[in-house]
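The values are calculated or read from the model by the stated rules, or taken from the named source; none is laboratory data. Note that the structure is a prediction, hence the values are computed from the model and not measured. So basically every Cβ, Gly included, is an ideal-geometry build from the backbone, and we count neighbours across all protein chains shown.
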Amino acid sequence: MSNGEDLVETLRRFNLFADLDRAQLEAIADPDSERSFAAGERIMRRGMSGTGFYVILDGEATVTLSGEELNRLRQGDFFGEISTLLDEPLTADITAETPLRVLEIPGPRLKAFLLSYPQVMYRILVTEARRLQEVLAWRS
Amino acid sequence: MAVLEKPFPPGEYPVVVVGSGPGGLQTAYALSRLGVEHAVISQDDSPGGMFRKWPIYQRLLSWTKPDAPHDRTSREYEWYDHNSLIADEPELRATVAAEMDRNYMVPSCAEMSRGLAAFAERGGVHVRYDCRWESTRQEEGGYVLVTSDGEYRCRAVVFALGVTDPWKSPIPGIEAVPHYAETGAPREFQGKSVLIIGKRNSGFELADGLEPWARQIFLVSPRPVQTAVLSIATVRVRYFEPLEDASWGGGTFALDAAVERIERTENGGYRLDAAGTTRPGPITLEADVAIAATGFRTPIQDLRELGLATVADGRIPALSPYWESTTLPGVYFAGNTMQGAAGLRKNGVGSASGTVSGFRYNARLLAQTIAKQLGHKREWRMLGRDEIVPYLVSELRAGPEIWTQKGYLVRVVYPDGATGILPLAHFLDHCPRGSIGVTIEMNAEGAIYPVTYVRAGEEIEERELPTHHLNDFGGGEYRDALESLV
């Protein structure tokens, strides 16, 4: 994947952006928002502030707490929204498991981003509801 | 005049630096001072070739203040001069500042070129000019660079090529539109309507330069101008007049729209069809001339075939925090391609690696890293227990590395008292327990404040210190905060 056309095509396939038209996808697909990490590189560090919201374009990442793997994230998954929305330090580490490419929405721009694309906000909300449901089911 | 023999004939060198712009010169200087044997080759015939072509209409965007609170030959002065290269010797410092005519705070291309040439000459930075890198082979233990003068074998190669290849975004019909790099003199646009594809620095540079001549100017791209970011960015001078004109309805338009196609019209002009983004709806524009101000890319030639990973539409190599390719070990980049290592981007604030002010410090670190890999021993400055807090206070007040590379570079003190500059990402992931780091950071609102980092166990303890109305981080509360870390 090497050009903006491809970035739009990649985003179009993701559930998160399924309701957006082409012009909206082009507005989101800012090549300067693309970040690349080598396998083994950390993307997020527990205890750090000032983070952003990330959508995985390519590759896999693991969520770990004190070295224990909690979750594995794949293409189309997103992370970083909780510490950004709550403006609190990160509670876990996220590390690239393979070469990883992500789309970054910087923390200070997330609110405006979500308000500009309420369909994306709705899909994030559905995902968060599922995660909460899983946690509640696990506890009961 | 006698013809001097060209330095660095083809052959085997531990390191080869490609390029003679500020990134190449700074890296070569730093390698020399560390005693690392290397060759420097360049396709240009003198230092800083890019500054003879671009920017087209305007001066550079980064400031150099000939007078400042610190003496021009001091290390602390570097923060006030974002264009000169850095050196240990006073006579090599502030070479651009010495050229400034004081009519503007930012240098002209000629002032920049003269400053670079003075650095290369006085610093004895030798370059094999008119030697063009043509292709690359990977061999066991290193690389072979095939050049117009012959083959160079090396263990490590530093490409300081700039982000200098004109690049067009993949829009149907864009091939008929000339690139920014081909733009002629402003008077050629007198009385014409001008369509500029792109709303970044180069697009607004053209709009600003053409406003006194053109009849109408349309700037078009999908994303809105980030006015909140511009308010704290030095590049905003280029945006002022066109944006003011646009907001007053004076004939300049900055449109947020995804371009669907561009076509030539029968009368020799251009027609553009687009879909509005910020304000949805179809947009059709006609203009006499069109310019693609869609940016530049690093001229990586055949490195992609060797497996070089890239970011930003394939325009820039993806780099580690130490500016090594994430996929080609031993391949490093210097100069403004160093922006391919994004850093932490805390609060969405990027590094200064895309400008001389930031990448001159990166180049020094890069040279140290390469020296270490080649078996040279790094000499650290050692601090005694009682020296640590006063030293860190003085660095928070005026340390040019952390002031310039906010949030990318960190001043570190190791448990044994050794101190140096590192990429913050490297420090956070690899420093031993008990290491202390201090940085200057900036938030999205433009507030400047110190941040301290301590590796206490597995975790990093991050602490933001308060801002100060004079940015003087030398008072009691800062000393106390540092004291509590030691």
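Brief remarks follow.
- Residue check, B:SER353 part of a helix (DSSP H, G or I) and among the hydroxyl-bearing types (Ser, Thr, Tyr): no
- For region B:213-266, filtered to residues that are hydroxyl-bearing (Ser, Thr, Tyr) and within 20 Å of B:ALA292 (Cα to Cα), the residue that is modelled with the lowest pLDDT is B:TYR239.
- Subset of region B:146-189 (residues that are without any contact (Cβ under 8 Å) to a residue 12 or more places away in the chain and in a strand (DSSP E or B)): none
- Residue check: B:GLU205 meets all listed conditions (1) touching a residue at least 40 places away in the same chain (Cβ under 8 Å); (2) touching a strand residue (DSSP E or B) at 6+ places or on another chain (Cβ under 6 Å); (3) away from chain A (no Cβ under 14 Å); (4) buried (at least 24 other Cβ atoms within 10 Å of the Cβ) but one, namely (2).
- Among the residues making up region A:34-57, those that are within 10 Å of chain B (Cβ to nearest Cβ) and part of a strand (DSSP E or B) are A:GLU34, A:ARG35, A:SER36, A:PHE37, A:ARG42, A:ILE43, A:MET44.
- A:ARG101 passes every criterion in (1) over 24 Å from B:VAL311 (Cα atoms); (2) at pLDDT below 95 apart from (1).
- Just one of the listed residues (B:GLU441, B:GLU401, B:GLU395) is under 25 Å from B:SER231 (Cα atoms), crowded, with 17+ Cβ neighbours inside 10 Å, more than 14 Å from chain A (Cβ to nearest Cβ) and not hydroxyl-bearing (Ser, Thr, Tyr), namely B:GLU401.
- Scope region B:90-129; condition assigned to a loop (DSSP other than H, G, I, E, B) and either buried (at least 20 other Cβ atoms within 10 Å of the Cβ) or touching a Pro at 6+ places or on another chain (Cβ under 7 Å) (or both); matching residues: B:ARG93, B:ALA94, B:THR95, B:VAL96, B:MET100, B:ARG102, B:PRO107, B:GLY123, B:VAL125, B:HIS126, B:VAL127
- Criterion (assigned to a helix (DSSP H, G or I), touching a Leu at 6+ places or on another chain (Cβ under 7 Å) and surrounded by 17 or more Cβ atoms within 10 Å (Cβ to Cβ)) met by exactly one of A:LEU11, A:LEU16: A:LEU11
- The residue of region A:22-33 that is nearest to B:GLY407 (Cα to Cα), among those that are within 7 Å of chain B (Cβ to nearest Cβ) and crowded, with 17+ Cβ neighbours inside 10 Å, is A:ASP32.
- Among residues that are of a type outside the set (A, V, I, L, M, F, W, C), within 15 Å of B:TYR129 (Cβ to Cβ), crowded, with 21+ Cβ neighbours inside 10 Å and out of contact with any helix residue (DSSP H, G or I) (no Cβ under 6 Å at 6 or more places or on another chain), B:SER42 is included.
- Taken together, B:SER32, B:SER62 contain a single residue that is closer than 27 Å to B:THR369 by Cα, among the small types (Gly, Ala, Ser) and not assigned by TED's automatic domain parsing to the domain that holds B:LEU392, which is B:SER32.
- In region B:337-351, the residues that are more than 11 Å from every other protein chain (Cβ to nearest Cβ) and either farther than 26 Å from B:PRO55 by Cα or modelled with pLDDT under 95 (or both): B:SER351
- On the stretch given as region A:114-127, residues that are touching a strand residue (DSSP E or B) at 6+ places or on another chain (Cβ under 8 Å) and within 11 Å of chain B (Cβ to nearest Cβ) total 0.
- In region B:317-348, the residues that are out of contact with any Lys or Arg (no Cβ under 7 Å at 6 or more places or on another chain) and of a type in the set (A, V, I, L, M): B:ALA318, B:LEU319, B:LEU328, B:VAL331, B:ALA334, B:MET338, B:ALA341, B:LEU344
- Considering (1) under 30 Å from B:TRP167 (Cβ atoms); (2) more than 17 Å from the chain's Cα centre (by Cα), the lone condition that A:LEU65 does not fulfil carries the number (1).
- Any chance B:ARG279 is within 13 Å of chain A (Cβ to nearest Cβ) and within 29 Å of A:LEU114 (Cβ to Cβ): yes
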